[in-house]
Amino acid sequence: MPKIVHVKGTGTIGEPLIGLLADNREAFGIDEVTFHKRTPLVTERGKVNDLVRRGAVLVADEDRWTTFEELGHAPKYETREAIERATVVIDCTPAGNENKAEFYEEAAGPVGFMAQGSEFGFGKMYARGINDAALVRGEDRFLHIVSCNTHNIAVLLKTLAFDDDGTCHLEDGRFICIRRANDISQDSGFVPSPTVERHKEERFGTHHARDAHHLFGTLGYDLTLFSSALKLNSQYMHAIHFSITLDHDITVDEVKERLVANPRVAISYKRSANQIFSFGRDHGYYGRILSQTVVAVETLAVRDGNQVVGFCFTPQDGNPLLSTIAAMLWYLDPDTMEDRLDILRPYLFQEI
């Protein structure tokens, strides 16, 4: 049977994902990449044309087919048809749970479905390198790829609070997510000044700690985590201030050694988001850093012997992109997943 990957949505996650899949079809062992775009827009005609030029196939709702054709596009499949014929479906919309109820649960063709960060409850949470051992073939048909900041929190915890054998040394983890206002591709949602967010979760504060807790919960851990969040009037990068308290003493040098040893962690002596962002633009995959975090090493400190504090930057859609590709390859063929990921390893930077 042909291996077909269908992506729903062409936004800040969907657009680069479709291009990445189309450009690397052979390396990933994919026969066809299809993508669904909901709204036909003349302002996005160039985007759709370029994705098609790179080998992706346009999918449209039946009632909007004619409008796409009027823009010069040539949809090939209708929505339900594209889902049913796909091997893996990746939902990159803010309506993953709605689409699951309307389309995915009754679809017999795909072996797996994925939704992105905001879609809590879609399926088992997943982040590359964090809970791969929790995935079960034939059981986990629905996966929830956690958000970019949750990836960042998770890799910090895995690196600093866990031993290689899985022993956890975390007593408490607290995180302040200092978020950019919106993506550089977006005009809406910008804030004129720093804006703080409510603590909606009594135990966890914001969804970032909640999601990290559930992510590690797939491995049987019950971590004590709390997060806060605010938005800054910037479009560059998210940053996180972290405070991770361990059950043993540790030195700053030992913290650095642990961070350097993790291939999914990038360290940097830069301390501004624009410099990290600029590095990604010049050296990343179409501008994207696929590492899960960029730690500003000069901000690292240890308080009272066992409380590790510091700042790090979040590579936005880069870290969920890598997890999405890894999960897709796991669905297609878990035995070849690691080898097929080799093409992306140059964009997991050790130092920025």
Tell me, please, whether a residue that is surrounded by 16 or more Cβ atoms within 10 Å (Cβ to Cβ), out of contact with any Pro (no Cβ under 7 Å at 6 or more places or on another chain) and not hydroxyl-bearing (Ser, Thr, Tyr) can be found in segment 60-67.
yes
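Here's a check for you: in segment 295-346, which residue that is closer than 17 Å to residue 91 by Cα and in contact with a Lys or Arg (Cβ under 7 Å, 6 or more places away or on another chain) is modelled with the lowest pLDDT?
317
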Reported set for segment 208-229 where residues are under 18 Å from the mean Cα position of the chain (by Cα) and surrounded by fewer than 22 Cβ atoms within 10 Å (Cβ to Cβ) is 210, 214, 218
Taking segment 84-140 and the residues there that are assigned to a helix (DSSP H, G or I) and either hydroxyl-bearing (Ser, Thr, Tyr) or touching a His at 6+ places or on another chain (Cβ under 9 Å) (or both), the one that is nearest to residue 321 (Cα to Cα) would be 96
Of these, 80, 64, 38, 45, which one is on the phi < 0 side of the Ramachandran plot, of a type in the set (Lys, Arg) and not in a helix (DSSP H, G or I)?
38
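Any chance segment 230-239 includes a residue that's touching a residue at least 60 places away in the same chain (Cβ under 8 Å), touching a strand residue (DSSP E or B) at 6+ places or on another chain (Cβ under 9 Å) and assigned to a strand (DSSP E or B)?
yes
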Quickly run through segment 50-82 and pick out the residues that are more than 25 Å from residue 104 (Cβ to Cβ) and of a type in the set (A, V, I, L, M).
71, 74
Tell me which strands (runs of 3 or more DSSP E) are completely within segment 264-340 and hold 3 or more residues being not β-branched (Val, Ile, Thr), or say none if there are none.
307-314
Being out of contact with any Lys or Arg (no Cβ under 6 Å at 6 or more places or on another chain), more than 16 Å from residue 276 (Cβ to Cβ) and surrounded by fewer than 19 Cβ atoms within 10 Å (Cβ to Cβ) is the filter here; which residues of segment 230-244 pass it?
230, 233
If I filter segment 160-181 for residues that are in the same structural domain as residue 205 (by TED's automatic domain parsing), surrounded by 18 or more Cβ atoms within 10 Å (Cβ to Cβ) and part of a helix (DSSP H, G or I), do I get at least one hit?
yes
Going through (1) buried (at least 18 other Cβ atoms within 10 Å of the Cβ); (2) over 25 Å from residue 28 (Cβ atoms); (3) in contact with a Leu (Cβ under 9 Å, 6 or more places away or on another chain) one by one, residue 45 fails only at (1)
Filter result for residue 289 (surrounded by 15 or more Cβ atoms within 10 Å (Cβ to Cβ) and in contact with a strand residue (DSSP E or B) (Cβ under 6 Å, 6 or more places away or on another chain))
no
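Here is a yes/no grid of residues against (1) touching a helix residue (DSSP H, G or I) at 6+ places or on another chain (Cβ under 9 Å); (2) not assigned by TED's automatic domain parsing to the domain that holds residue 182:
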| residue | (1), (2) |
| --- | --- |
| 293 | yes, no |
| 296 | yes, no |
| 304 | no, no |
| 309 | yes, no |
| 326 | yes, yes |
| 330 | yes, yes |
| 337 | yes, yes |
| 342 | yes, yes |
Please identify the pairs in which a residue from segment 179-192 that is over 9 Å from residue 233 (Cα atoms) has its Cβ atom under 8 Å from the Cβ atom of a residue that is of a type in the set (Gly, Ala, Ser) and assigned to a loop (DSSP other than H, G, I, E, B), counting only partners at least 6 apart or on another chain.
189/181
Residue check for residue 349: in contact with a strand residue (DSSP E or B) (Cβ under 7 Å, 6 or more places away or on another chain) and either not in a strand (DSSP E or B) or not hydrophobic (A, V, I, L, M, F, W, C) (or both)
yes
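Can you confirm whether residue 10 is more than 24 Å from residue 140 (Cβ to Cβ), in the same structural domain as residue 336 (by TED's automatic domain parsing), in contact with a Lys or Arg (Cβ under 6 Å, 6 or more places away or on another chain) and among the β-branched types (Val, Ile, Thr)?
Against the criterion (more than 24 Å from residue 140 (Cβ to Cβ), in the same structural domain as residue 336 (by TED's automatic domain parsing), in contact with a Lys or Arg (Cβ under 6 Å, 6 or more places away or on another chain) and among the β-branched types (Val, Ile, Thr)), residue 10 qualifies.
The values are calculated or read from the model by the stated rules, or taken from the named source; none is laboratory data. Computed from a predicted structure; not experimentally measured. Positions of Cβ are generated from backbone atoms using ideal geometry, with glycine treated the same way; all protein chains shown enter the neighbour counts.
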